[in-house]
Amino acid sequence: MRDPRYDILFEPMAIGPVTAKNRFFQVPHCNGGGYRDPSAAAIMRGIKAEGGWGVIFTEQTEMHHTSEITPYIELRLWEDQDIPALRKMSERMKTHGGLAGIQLAYSGINGPNLYTKEVPLAPSALPIRTFTNDPVQARAMDRTDIKNLRRWFVNAAKRSKDAGFELICLYGAHGFGIFQHFLSRATNQRSDEYGGSLENRSRFAREVIADMRDAVGDSMGLTLRVSLDETIGNLGFSNAEVREFIEMNRDLPDLWDLAQGTWEDCSGPSRFKEEAAQEFLIKGIRELSSKPVVGVGRFTSPDVMAKMIRQGTLDFIGCARPSIADPFLPKKIEEGRIEDIRECIGCNICITGDMTMSISRCTQNPTFMEEWRKGWHPETMNDKGDSENVLVVGSGPAGLEAARALSLRGYDVAIAEARNEIGGRVARERLLPGLSAWGRVVDYRQYQISQRANVETYFDSALDAAQILEFGFENVCLATGSKWRADGVSRQHVVPMPIDAAMPVHTPDDIMAGKLPAGRVVVYDDDHYYMGGVLAELLAQKGRDVTLVTPSPYVSDWTRNTLEQEAIHVRLIESGVNIVLNRGVVAIHEGEVETNCTYTDRRERTGCDAVVMVASRVGDDAAYEALLACRAEWADAGIKSVKLIGDANAPGPIAWATYAGHRYARELDMPDIGDALPFRREVTELAVE
């Protein structure tokens with residue numbers, strides 16, 4: 001069944017004393033669950049095992065209480081009582097022959113210790129480096145501290161073995177791990193045997209791995225994750241030094257795990273990073289060591305994966321985000337079902353779960369982190385209920401996912417789309433600069449629906465309540481989307497702002513429909529996600545003189561959670577966009593906008609020829625409200641249920657829409673649970689007094 005071109009991906013590979021069944025390597029990735037939701041995280045990893053991954057790792061696991069990264073929620077292995085939760089995870093990872101790996105992290109200069117209140121320890125005394133610039137400094141470790149830390153790593157290794165893990169990843173990448181802090185001259189300014197030359201800066205890694213090999217190396221593979229390039233100039237750990245370090249310590253770990261410098265560099269969204277973007281940094285490193293190499297690059301194409309192995313660049317295909325979008329990616333390649341892969345779109349919504357200390361989501365895979373909480377399996381739907389058919393009005397991301405999932409349950413589904421193409425907002429947004437990969441949300445679902453005999457799609461079918469009643473479907477799902485407001489209502493303005501009718505005001509819907517403003521354009525962004533920045537970039541590309549005004553201190557503020565805010569700002573500067581931060585728009589006059597300082601309310605006027613209003617959206621719920629008004633007619637029309645979902649119900653990111661569609665499909669015809677919690681959770685056990 002498997003295409004022989006991909007046979008190379010399924011060859012077993014040794015990692016020290018253990019052997020992976022194939023070359024698919026789920027590198028450590030966060031999920032927003034961590035120590036708070038251990039069962040949810042464990043079952044999620046178990047699904048990866050079922051999906052065929054040869055190696056499956058945890059997220060970073062804090063291995064000692066003197067270095068933790070509160071408020072972020074990762075795993076913890078501080079003491080023996082942490083072992084049972086981690087054992088549950090390792091057991092799930094191994095259910096289908098995968099190797100279970102744990103990533104041990106000592107965050108050092110990245111660990112503010114806001115929970116434990118311990119003084120942070122680092123190679124050199126410097127301020128703590130965190131996303132929130134915590135006003136805390138680390139103390140430089142003395143030789144006793146280093147000796148203690150070596151012992152703590154050994155203790156953590158022994159606990160990892162007791163917890164059932166077969167691999168250990170020592171975290172020294174993305175600027176987050178103590179191993180990188182010793183290796184980099186930016187964070188290691190020591191003058192003793194642990195500082196100065198690269199050989200000295202490598203000493204700590206050599207000592208820890210030697211200690212751990214003596215303790216557990218006969219039964220556990222030891223991997224080291226290091227950055228390919230810190231990208232901070234001569235002071236940082238450069239790609240040239242990485243190569244020198246690996247050649248100098250060629251047999252140090254059992255596997256080299258290589259990832260681009262900062263997390264933002266490594267997990268850059270598709271808007272800024274192509275598949276296999278790190279190839280030029282990793283190429284040739286495999287020749288410097290006899291040990292296998294794993295690398296990442298948002299790999300979604302089996303052809304690219306096989307090429308990486310065949311040309312000798314990598315030994316393992318490292319995936320985090322693609323393994324979230326489709327946990328069954330290896331199995332689908334093995335079974336010759338390439339077209340069924342849910343390709344990662346690189347939107348980084350998954351990362352926002354970690355950044356906001358919440359349960360992660362995936363735009364492509366609505367079941368991510370709901371495997372235990374709600375019992376959702378990414379490849380299997382629950383059985384059909386009592387009714388037979390569903391009318392889905394609207395074919396945006398919510399409607400398409402609802403139709404796909406409903407058809408798998410066995411319902412006859414009709415999709416009524418008002419336009420002459422499916423996809424809703426995604427069909428339009430995928431044409432904006434950098435967002436073409438987002439079209440996979442539609443492409444995947446369109447193909448899956450095309451393979452189902454129980455789904456019919458009708459175009460140019462804008463339906464009102466009377467027409468819906470005439471059709472006689474038992475269930476009606478309204479996924480009619482939303483429209484951008486032109487009146488400024490959002491966060492700064494809770495009521496419409498004063499707007500002179502003489503000034504042209506455009507919405508994102510207008511721009512995506514090809515109605516571009518002329519001349520000098522002010523883009524007012526009170527949405528704070530990607531749309532304002534994308535439209536400013538588009539208009540600049542079209543030759544407009546663009547000024548972006550936002551009440552936030554950051555362009556596209558919320559994209560700090562998707563690791564792209566800095567890249568967006570740089571892109572706009574390079575595009576010639578004038579950026580005005582910490583100012584809102586209080587009124588729009590003929591020929592100018594009136595702005596105010598968000599702190600002092602000091603007013604200024606900026607001349608322009610048009611305004612693009614990126615404020616908020618309003619759900620298109622007219623048909624739904626009309627149906628509610630004639631509820632008495634439902635029974636005669638054969639209607640059992642009417643539900644409003646997705647952006648029509650409450651506008652949000654695309655991931656919210658696909659989740660809403662999937663949830664609707666799962667819950668149709670299911671028993672009413674009343675006021676019960678719609679998901680499972682774990683509650684902290686009270687300590688014995």
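Taking L406 as meeting all but one of (1) buried (at least 24 other Cβ atoms within 10 Å of the Cβ); (2) over 22 Å from the mean Cα position of the chain (by Cα); (3) farther than 25 Å from L677 by Cβ, write down the number of the exception.
With (1) buried (at least 24 other Cβ atoms within 10 Å of the Cβ); (2) over 22 Å from the mean Cα position of the chain (by Cα); (3) farther than 25 Å from L677 by Cβ applied to L406, the lone miss is (3).
Please find, among K291, K307, the residue that is among the basic types (K, R), assigned by TED's automatic domain parsing to the domain that holds G236 and in a loop (DSSP other than H, G, I, E, B). Reasoning before the result, please.
Details: K307 fails: in a loop (DSSP other than H, G, I, E, B).
Just one listed residue meets the conditions, K291.
Filter segment 348-401 down to residues that are among the aliphatic types (A, V, I, L, M) and farther than 16 Å from C30 by Cα, then give me how many there are. Reasoning before the result, please.
First, the residues of segment 348-401 that are among the aliphatic types (A, V, I, L, M): 349, 351, 355, 357, 359, 369, 381, 390-393, 398, 400.
Restricting the remaining residues to those that are farther than 16 Å from C30 by Cα gives 381, 390-393, 398, 400.
Result for segment 348-401: 7.
Would you be able to tell me the number of residues in segment 314-362 that are over 9 Å from the mean Cα position of the chain (by Cα), not in a loop (DSSP other than H, G, I, E, B) and not small (G, A, S)?
Residues in segment 314-362 being over 9 Å from the mean Cα position of the chain (by Cα), not in a loop (DSSP other than H, G, I, E, B) and not small (G, A, S): 14 in total.
Keeping to segment 345-379, report how many residues are hydrophobic (A, V, I, L, M, F, W, C) and out of contact with any helix residue (DSSP H, G or I) (no Cβ under 7 Å at 6 or more places or on another chain).
If we filter segment 345-379 for residues that are hydrophobic (A, V, I, L, M, F, W, C), which is where we start, we get 345, 347, 349-351, 355, 357, 359, 362, 368-369, 372, 376.
So of that shortlist, the ones also out of contact with any helix residue (DSSP H, G or I) (no Cβ under 7 Å at 6 or more places or on another chain) come out as 357.
Residues that pass the stated criteria total 1.
Give all pairs with beta carbons closer than 8 Å in which a residue from segment 120-148 that is under 21 Å from T70 (Cα atoms) and touching a residue at least 12 places away in the same chain (Cβ under 8 Å) meets a residue that is in a strand (DSSP E or B) and of a type in the set (D, E, K, R); count only pairs at least 6 apart in sequence or on separate chains.
Partner pairs satisfying both residue conditions: P120/R139; L121/R139; A122/R139; A125/R139.
Scan segment 214-243 for residues that are more than 22 Å from E264 (Cβ to Cβ) and of a type in the set (S, T, Y) and jot them down. Break it down stepwise before answering.
Filtering segment 214-243 down to residues more than 22 Å from E264 (Cβ to Cβ) leaves 214-223, 243.
Matches in segment 214-243: S219, T223.
Mind listing whichever residues of segment 224-262 are surrounded by fewer than 20 Cβ atoms within 10 Å (Cβ to Cβ) and among the basic types (K, R)?
Scanning segment 224-262 gives R243, R250.
Which of the following residues is of a type in the set (K, R), more than 22 Å from R206 (Cα to Cα) and assigned to a loop (DSSP other than H, G, I, E, B): R129, R92?
Values: R92 fails: assigned to a loop (DSSP other than H, G, I, E, B).
The conditions single out R129.
Of all residues in segment 294-304 being in a loop (DSSP other than H, G, I, E, B) and more than 17 Å from L228 (Cβ to Cβ), which is nearest to the chain's Cα centre (by Cα)? Step through it out loud before you land on a result.
Going residue by residue through segment 294-304, those that are in a loop (DSSP other than H, G, I, E, B) are 296-301.
Now narrow it down to the ones that are more than 17 Å from L228 (Cβ to Cβ): 300-301.
Values: T300: 15, S301: 18 Å.
Step by step, filter segment 294-304, then rank; the result is T300.
Yes/no per residue for (1) aromatic (F, W, Y); (2) closer than 28 Å to S482 by Cβ; (3) in the same structural domain as A502 (by TED's automatic domain parsing):
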position	(1), (2), (3)
I573	no, no, yes
V577	no, yes, yes
L581	no, yes, yes
V586	no, yes, yes
Y624	yes, yes, no
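Of these, R298, R310, which one is modelled with pLDDT of 95 or more and under 28 Å from R560 (Cα atoms)? Quick ask: steps written out before the conclusion?
Details: R310 fails: under 28 Å from R560 (Cα atoms).
Going through R298, R310 in turn, the sole match is R298.
Residues A615, A637, A648, A623: which one is at pLDDT 95 or above and under 27 Å from C362 (Cβ atoms)? Outline the logic, then answer.
On the way: A615 fails: under 27 Å from C362 (Cβ atoms); A637 fails: under 27 Å from C362 (Cβ atoms); A623 fails: under 27 Å from C362 (Cβ atoms).
When all the criteria are applied, what remains is A648.
Do you know which residues across segment 295-316 are among the β-branched types (V, I, T) and either over 25 Å from G434 (Cα atoms) or in contact with an Asp or Glu (Cβ under 7 Å, 6 or more places away or on another chain) (or both)?
Our first condition is that a residue be among the β-branched types (V, I, T); within segment 295-316, this holds for 296, 300, 304, 309, 313.
Within segment 295-316, T300, V304, I309, T313 qualify.
How many residues are touching a strand residue (DSSP E or B) at 6+ places or on another chain (Cβ under 8 Å) and either of a type in the set (V, I, T) or surrounded by fewer than 16 Cβ atoms within 10 Å (Cβ to Cβ) (or both) when one looks only at segment 368-395? Can you show your working first?
Taking segment 368-395 and keeping what is touching a strand residue (DSSP E or B) at 6+ places or on another chain (Cβ under 8 Å), we get 387-395.
Now narrow it down to the ones that are either of a type in the set (V, I, T) or surrounded by fewer than 16 Cβ atoms within 10 Å (Cβ to Cβ) (or both): 388, 390, 392-393.
Looking only at that region, the number is 4.
What number of residues within segment 638-657 are at positive phi and either part of a helix (DSSP H, G or I) or under 27 Å from the mean Cα position of the chain (by Cα) (or both)? Before the answer, list the steps.
Here is the first cut: in segment 638-657, the ones at positive phi are 638, 646.
Filter once more, so that each one left must be either part of a helix (DSSP H, G or I) or under 27 Å from the mean Cα position of the chain (by Cα) (or both): 646.
Qualifying residue count, segment 638-657: 1.
How many of the residues in segment 661-689 are of a type outside the set (V, I, T) and free of Cβ contacts under 8 Å to residues at least 40 places away in the same chain?
Here is the first cut: in segment 661-689, the ones of a type outside the set (V, I, T) are 661-672, 674-682, 685-687, 689.
Narrowing further to those that are free of Cβ contacts under 8 Å to residues at least 40 places away in the same chain: 667, 671-672, 674-677, 685-687, 689.
Qualifying residue count, segment 661-689: 11.
Can you tell me which of K147, K158 is of a type in the set (K, R), farther than 27 Å from F57 by Cβ, surrounded by fewer than 22 Cβ atoms within 10 Å (Cβ to Cβ) and assigned by TED's automatic domain parsing to the domain that holds S107? If you could, list the steps in order and put the result at the bottom.
On the way: K158 fails: farther than 27 Å from F57 by Cβ.
Result: K147 is the single residue among K147, K158 that is of a type in the set (K, R), farther than 27 Å from F57 by Cβ, surrounded by fewer than 22 Cβ atoms within 10 Å (Cβ to Cβ) and assigned by TED's automatic domain parsing to the domain that holds S107.
For segment 281-325, which residues satisfy the criterion of being closer than 23 Å to I351 by Cα and basic (K, R)?
Selection gives R298, R321.
Looking at (1) crowded, with 16+ Cβ neighbours inside 10 Å; (2) under 26 Å from E91 (Cβ atoms); (3) in contact with a helix residue (DSSP H, G or I) (Cβ under 9 Å, 6 or more places away or on another chain); (4) of a type outside the set (D, E), which is the only condition G221 fails?
Failing condition for G221: (3).
May I ask you to list pairs of residues, at least six apart or on different chains, whose Cβ atoms are under 6 Å apart, with the first in segment 507-524 being of a type in the set (G, A, S) and the second being surrounded by 17 or more Cβ atoms within 10 Å (Cβ to Cβ) and part of a loop (DSSP other than H, G, I, E, B)?
No pair meets every condition.
Within segment 9-44, how many residues turn out to be closer than 25 Å to D82 by Cβ, surrounded by fewer than 18 Cβ atoms within 10 Å (Cβ to Cβ) and touching a Phe, Trp or Tyr at 6+ places or on another chain (Cβ under 9 Å)?
Number of matching residues: 0.
Could you look through segment 274-294, keep only residues that are touching an Asp or Glu at 6+ places or on another chain (Cβ under 8 Å) and under 27 Å from R440 (Cβ atoms), and pick out the one that is surrounded by the most Cβ atoms within 10 Å (Cβ to Cβ)? I'd like the intermediate steps shown before the answer.
Residues of segment 274-294 touching an Asp or Glu at 6+ places or on another chain (Cβ under 8 Å): 281, 286, 288-294.
Those left that are additionally under 27 Å from R440 (Cβ atoms): 281, 294.
On the way: L281: 22, V294: 26.
Once the filter is applied, the top-ranked residue is V294.
Would you check if there is a residue in segment 655-671 being surrounded by fewer than 16 Cβ atoms within 10 Å (Cβ to Cβ) and closer than 21 Å to E417 by Cβ?
Start the filter on segment 655-671 by keeping residues that are surrounded by fewer than 16 Cβ atoms within 10 Å (Cβ to Cβ), which leaves 670-671.
Imposing the further condition that a residue be closer than 21 Å to E417 by Cβ reduces the set to none.
So far as segment 655-671 goes, no, none of its residues is surrounded by fewer than 16 Cβ atoms within 10 Å (Cβ to Cβ) and closer than 21 Å to E417 by Cβ.
Assess whether A215 counts as being small (G, A, S), surrounded by fewer than 19 Cβ atoms within 10 Å (Cβ to Cβ), without any contact (Cβ under 8 Å) to a residue 24 or more places away in the chain and assigned by TED's automatic domain parsing to the domain that holds V293. Steps first, answer last, please.
Details: small (G, A, S): yes; surrounded by fewer than 19 Cβ atoms within 10 Å (Cβ to Cβ): yes; without any contact (Cβ under 8 Å) to a residue 24 or more places away in the chain: no; assigned by TED's automatic domain parsing to the domain that holds V293: yes.
No; evaluated as a whole, the condition is false for this residue.
Among the residues of segment 48-61, how many are closer than 16 Å to G101 by Cβ and not in a loop (DSSP other than H, G, I, E, B)?
Counting residues in segment 48-61 that are closer than 16 Å to G101 by Cβ and not in a loop (DSSP other than H, G, I, E, B) gives 9.
The values are calculated or read from the model by the stated rules, or taken from the named source; none is laboratory data. Everything numeric here is computed off the predicted structure, so don't read it as measured data. Note: ideal-geometry Cβ built from the backbone for every residue, glycine included; neighbour counts use all protein chains shown.
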